[in-house]
Each structure stands twice: as C-alpha cells, then as structure tokens.
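First comes the structure, then the notes that go with it.
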Amino acid sequence: MPDVRQSTSDTDLELLRSGIRLMALRVLGDADAAEEVAQEALSRAVTAVRGPAATLNFGAYVAGIARHVIADWFRSRGRVASMTTTAYEAVRDDRPDALATLCADEQAVRVRAALAGLGDADRELLTLCYLHDLTPTEVARRLEAPPERIRQRKLRALQRLRAAFDAAHPLRHARAVPPTDMAGIAATKARGSAA
Amino acid sequence: MTEERSHQFIHEAELAERYVTGRMPGPERMAFEDHFVTCAECQRDVRFASAVRAALEATGARTPSRTPATPAAASARAPRRRQRALWVGAAMAAGFAGIAVLYALPSRAVTALGGVEQPPAYVGVAVRSTAGRGAAMFDDAMKDYSTGRYAVATRGLQAALAAGQDSIPTDFFIGASELFGGDARNAAAAFARVVSLGESPYRDEAQWYEAKALLRLGRSAEAIAALAAYAPADPAMGARFAALTDSVKQAVAR
C-alpha cells in the first residue's frame with residue numbers, strides 16, 4: 001500500500017476535488033454545497049497527511065473524510081439529530097439527478113440528440129434501466145426477452161450515446177493543473193516529505 | 001488485479017450506472033467512491049450515466065404519449081403515466097393555462113426521493129409447529145421474493161393472505177414486492193394496511209416504505225403525513241424519517 005504522504009504528492013488534487021464533488025453533489029443536490037464540501041475535505045486531507053505517516057489507500061482515505069464532511073454539513077444545518085453513518089446513509093440516494101449538473105451543456109445536448117436517434121425499443125430499454133432502476137435481468141423478464149439479447153441491445157445503445165458524449169468533451173488523459181492554493185500546499189508538503 | 005482488468009470489471013458490473021440510479025448497496029457504493037475519487041475514467045463514467053439519465057428524463061417529458069414497446073414495459077411505467085394524466089385532467093377542469101399544467105405535474109425532485117436501493121430483507125425463522133396451508137404458501141412466495149421474482153411473489157402472498165396467513169408480515173411483503181415490481185400505488189396501499197394494524201415489528205419500516213411509494217407517485221404531502229403518523233422507537237429510524245421529511249419539503253419548495 002502506498003504511503004499517504006507520497007501518494008498526495010503524486011495525486012492530482014483537481015481529480016480528487018472533482019471526485020469528492022461528485023460524491024457530495026449526489027447526496028446534497030446543491031452545486032455550491034458540493035464545492036464547499038470538496039474544498040473542506042481536501043483541506044482536511046492535506047492537513048492530515050502533514051502529520052505522522054500512515055499507510056492506507058489514499059482514495060479511500062479522502063473519500064472517508066468527504067463522507068464525514070458531508071455528515072458534518074447535514075449536522076450543521078440541523079437536518080439530522082447526530083453525525084452518524086446512518087445520517088449519511090439516510091440521504092444518500094435522495095438526489096441522484098443532481099449529478100447531471102456536472103455535465104457540460106454540450107454533452108447534454110449531444111447525448112439528447114443521440115438518444116433521439118435511437119429506436120423506440122432501445123429508448124424503452126434505457127428508460128427501464130435508468131429511470132425505473134431495473135437491472136438488465138429484470139428488464140429481460142419484463143420484456144420477455146433473453147437477458148443476453150437485452151444486454152447486447154443496451155450495450156450498443158449506450159455505445160452510441162457514449163460516442164456523442166465523448167465527442168462533446170474528449171477524455172483528457174493529461175493531469176489537470178491544480179488550483180494555486182492546492183498547488184502551493186502540495187509543493188510545501190512534497191518538500192517536507194523529501195526532507 | 002491490474003487497473004485495466006479492474007476497469008473491465010467496473011464496466012461489466014455497470015457500477016457507474018448503478019451508482020447514479022441508486023441501485024448500489026451501501027458497502028459497494030462506498031468502495032466505488034473510494035476508487036473513483038482518484039480515477040478520472042470512472043468519474044467520467046458517472047457523469048456519462050448522469051447525462052443519459054437526464055436525457056431520458058427530458059425526452060420522456062417531451063413524448064409522454066409514446067407507445068410503449070411492449071405491454072410489460074407499459075405496465076412498468078403505468079403508475080407515473082396515470083398520475084400525470086390525473087394531474088393534467090384536474091388542471092384542465094379548473095381552467096388553468098397550459099403552463100399551469102406543467103407546474104402541476106409531480107416534480108422529478110419529489111419522485112426521485114422515492115428511490116429504494118434494496119428490498120427489505122426477509123429472514124425466515126423455523127418454528128416447531130405444523131405449518132398451515134397459508135404458512136406454506138407464504139414460505140413459497142418468500143422464496144420467489146428472495147430471488148427477485150416480485151410479480152410471482154405478490155400473487156403467492158395474496159393467496160397466502162386469502163388462506164389465512166398472518167396479515168401483517170404478508171401485507172408488508174406484498175407491499176415490498178409491489179414496490180420492487182414497479183407498482184407504487186399497490187405498494188403504498190399494502191404498507192398503509194400494515195401501519196393501520198397498529199404497533200408491530202413491521203410498522204416503522206412500513207411507514208418508511210409507504211412514504212417512499214407515495215413519493216414515487218409524486219404524492220409528497222401524503223408521504224410526509226405517513227412519516228409523521230407514528231414516531232419510530234428506534235432513534236436511527238427517527239433520524240431517517242426526519243431527513244426524508246426535510247428532503248421532501250425542500251424538493252416541494254423548489
């Protein structure tokens with residue numbers, strides 16, 4: 001397992017921030033609150049790794065901090081009686097559609113256009129999966145079709161939508177540049193680790 | 001497991017889709033979050049799944065009268081359609097303008113709160129007694145329930161009820177089967193029956209799932225009333241009731 005301090009210096013902080021924001025937005029349903037949580041969780045994580053070295057999965061470490069910050073967020077607003085895992089669990093599925101706000105407008109438009117280009121049967125299939133939350137096996141049972149055929153149809157339909165999605169915003173493999181404050185913190189910490 | 005292989009698994013298991021649609025159990029969800037928080041590819045998959053869901057919702061809103069592919073698919077969507085038709089009819093009768101009809105539709109923010117990840121667990125307990133006909137039918141139906149055959153389980157449980165099986169657990173699992181079979185209206189009715197029968201080990205959860213079923217139908221006020229009907233004995237359950245009530249009020253306010 002990687003050392004946390006080493007991991008932080010190697011980790012794209014902007015990627016972490018983006019991941020935490022996804023987590024938070026899904027639960028909170030509010031972009032500003034999600035950004036606030038992401039900032040706070042990252043700050044706590046960076047502060048924590050300045051202390052004694054710990055060996056654990058850094059992603060899990062930061063995600064755990066984020067979950068606590070989200071629970072804190074709810075507690076501070078009096079939405080739950082106490083800060084517990086239960087409190088976080090209680091609201092975790094309430095606002096899944098908030099994540100859609102993280103998609104660029106162009107991505108949304110292209111996916112919608114690609115969806116309109118699918119046949120009725122494929123749209124029906126995706127609707128059952130994505131809006132009625134059914135598994136392909138459950139869909140197969142409902143549509144009285146072999147599960148494998150349903151999976152293949154779904155895969156082909158999603159490939160067309162994914163092509164439209166990626167065309168709007170190609171996957172960037174390069175590391176994102178972290179914001180100035182985070183870059184400074186990371187550089188300071190890296191120097192400390194080297195020393 | 002190499003990163004490439006782990007991503008192959010992530011795609012095959014449709015983790016991003018299940019994360020977005022709320023079909024992922026808690027431990028699995030946390031493990032996935034632990035991974036994607038440092039994984040650009042998986043974050044992108046989550047965004048893509050969200051975009052698909054949003055596009056489907058938008059398309060569905062534009063073409064609500066589209067002919068379903070099959071009768072089975074039509075029945076899966078029936079509760080939402082019936083609800084919309086009622087709202088539209090009421091608004092027209094009142095002489096509202098078209099824009100008012102749109103505002104009267106159950107909001108997506110409310111219906112999304114009706115999501116339930118996993119069916120209520122059933123743990124059968126063996127007892128030293130001669131099982132009656134109703135009990136045997138109940139056991140058979142719960143085998144179907146445990147394997148996700150909810151429509152079959154519903155029929156079996158209704159038969160068990162008719163054969164004299166204890167109505168509280170039977171109605172509770174009829175509600176759960178209906179909920180996961182896609183009929184929120186029947187589910188709400190079954191859970192309401194359990195609640196109306198008074199204090200029982202099933203009442204708290206019946207209130208919770210009744211509220212969830214009502215939310216799926218867009219009946220936010222009734223869902224709040226269901227949650228407020230009785231205070232749960234378990235403080236953790238009380239916190240969940242409070243959080244959901246608060247979320248419903250906020251969704252309605254939006």
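Any residue that is within 14 Å of chain A (Cβ to nearest Cβ) and at pLDDT 85 or above - is there at least one of those in region B:188-198? I'd like the intermediate steps shown before the answer.
Within region B:188-198, the subset within 14 Å of chain A (Cβ to nearest Cβ) is none.
No, because not a single residue in region B:188-198 is within 14 Å of chain A (Cβ to nearest Cβ) and at pLDDT 85 or above.
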**Request:** Could you check region A:1-95 for helices (runs of 4 or more DSSP H) lying wholly inside it with 1 or more residues that are at pLDDT 55 or above and under 16 Å from B:R240 (Cα atoms)?
**Result:** A:13-28, A:58-76
**Prompt:** Given the conditions (1) at pLDDT below 90; (2) farther than 23 Å from A:L134 by Cβ; (3) of a type in the set (D, E, K, R), which single one is not true for B:D171?
**Reply:** (1)
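For every residue, the table says whether it meets (1) modelled with pLDDT under 50; (2) more than 10 Å from every other protein chain (Cβ to nearest Cβ); (3) in a helix (DSSP H, G or I).
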position	(1), (2), (3)
B:G60	no, no, yes
B:P64	yes, yes, no
B:A72	yes, no, yes
B:R77	yes, no, yes
B:G134	no, yes, yes
B:T154	no, yes, yes
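Hey, among the residues in region B:131-161 that are basic (K, R) and within 16 Å of B:P119 (Cβ to Cβ), which one's surrounded by the most Cβ atoms within 10 Å (Cβ to Cβ)? Give the derivation first.
Taking region B:131-161 and keeping what is basic (K, R), we get B:133, B:143, B:149, B:155.
Still in the list and also within 16 Å of B:P119 (Cβ to Cβ): B:143, B:149.
Details: B:K143: 14, B:R149: 18.
Taking the candidates together, the pick is B:R149.
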**Message:** Could you check region A:104-149 and list, in sequence order, the residues that are modelled with pLDDT of 85 or more, farther than 24 Å from B:R149 by Cα and not in a helix (DSSP H, G or I)?
**Reply:** A:G117, A:L118, A:G119
**Message:** Where the second residue is outside any helix (DSSP H, G or I) and not hydroxyl-bearing (S, T, Y) and the first is more than 10 Å from chain B (Cβ to nearest Cβ) and lies in region A:137-164, which pairs have Cβ atoms under 9 Å and are six or more apart or on separate chains?
**Reply:** A:A140/A:P146; A:R153/A:A145; A:R160/A:G117; A:R160/A:L118
**Prompt:** Before we move on, is B:E28 among the charged types (D, E, K, R) and either within 17 Å of the chain's Cα centre (by Cα) or facing chain A (nearest Cβ under 7 Å) (or both)?
**Reply:** no
**Item:** Sole exception among (1) surrounded by 19 or more Cβ atoms within 10 Å (Cβ to Cβ); (2) modelled with pLDDT under 55 for A:A194, by number
**Value:** (1)
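The values are calculated or read from the model by the stated rules, or taken from the named source; none is laboratory data. Only a predicted model underlies this, so the values are computations on that prediction, with no experimental measurement involved. Methodologically, a virtual Cβ is constructed for each residue, glycine included, from the backbone with ideal geometry; neighbour enumeration extends over all protein chains shown.
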